[in-house]
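Scroll down for the structure; my scribbles are underneath it.
The values are calculated or read from the model by the stated rules, or taken from the named source; none is laboratory data. As the structure is a prediction and not an experimental result, all values here were calculated from the model. Cβ placement follows ideal geometry from the backbone for every residue including glycine, while neighbour counts extend to all protein chains displayed. The area values use the complete protein model at the heavy-atom level, side chains included, leaving out ligands, DNA and RNA. Shrake-Rupley method; radii C 1.70, N 1.55, O 1.52, S 1.80 Å.
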Amino acid sequence: HGICIWTAIQSDGMIVDGRPKLGAVRYNGRHYIFDTIAGLKEFLHDPSRLLTQFRSVVLANPELIYFLNLQNEFPNVRSMFQSLSQLEDDACMPASITACRDKEACAFSQRDVCVETPVHFVESYIDPNYCWNE
């Protein structure tokens, strides 16, 4: 099966399975299926416009690149994630990463950030006059 790219475009990245019962369309060596007849008709009317719009949706939601296995369509995905991370606040980033940010050797796809949220809010109370009796 596959996803309906028309629905992904209309909903800004929501992934919905296509319905193979509506048929599959072969375009430029790839097969496309759709969830609705309206999406199928629009694709048949102008497939290149719909594919361009889908590419824009994927670029706006880069997590879809790996989720939909589109790494071959976006070969510069690592540099794209790096440019997105440059826009983020560097307050919690280790100095070694910020120092080599522009070097390809220091490329990263994961990083640690600081979050200080206590897991358990426990107030300790020790009674100095407590005496245990057996």
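Can you tell which of LEU22, LEU40, LEU44, LEU59 is open to solvent by less than 40 Å² (accessible area, probe 1.4 Å) and not β-branched (Val, Ile, Thr)?
Residue meeting the stated conditions: LEU40.
Scan segment 20-31 and report the pairs whose first residue is free of Cβ contacts under 8 Å to residues at least 40 places away in the same chain and small (Gly, Ala, Ser) and whose second residue is in a helix (DSSP H, G or I) and open to solvent by less than 50 Å² (accessible area, probe 1.4 Å), with Cβ atoms within less than 9 Å and a gap of 6+ or a chain change.
Once the first residue is free of Cβ contacts under 8 Å to residues at least 40 places away in the same chain and small (Gly, Ala, Ser) and sits in segment 20-31, its partners that are in a helix (DSSP H, G or I) and open to solvent by less than 50 Å² (accessible area, probe 1.4 Å) give GLY23/LEU40.
Mind checking which pairs have a first residue in segment 42-70 that is within 16 Å of ILE3 (Cα to Cα) and a second that is in a loop (DSSP other than H, G, I, E, B), Cβ under 6 Å, 6 or more apart or different chains?
VAL57/GLY13; ASN61/GLY13; ILE65/PHE74
For segment 1-38, what are the residues that are of a type in the set (Gly, Ala, Ser) and closer than 23 Å to PRO62 by Cα?
Passing the criteria: GLY2, ALA8, SER11, GLY13, GLY18.
State whether one or more residues within segment 121-129 are hydrophobic (A, V, I, L, M, F, W, C), over 22 Å from ILE5 (Cα atoms) and modelled with pLDDT under 75.
yes
So, in segment 25-37, how many residues would count as being open to solvent by less than 40 Å² (accessible area, probe 1.4 Å) and over 26 Å from the mean Cα position of the chain (by Cα)?
1
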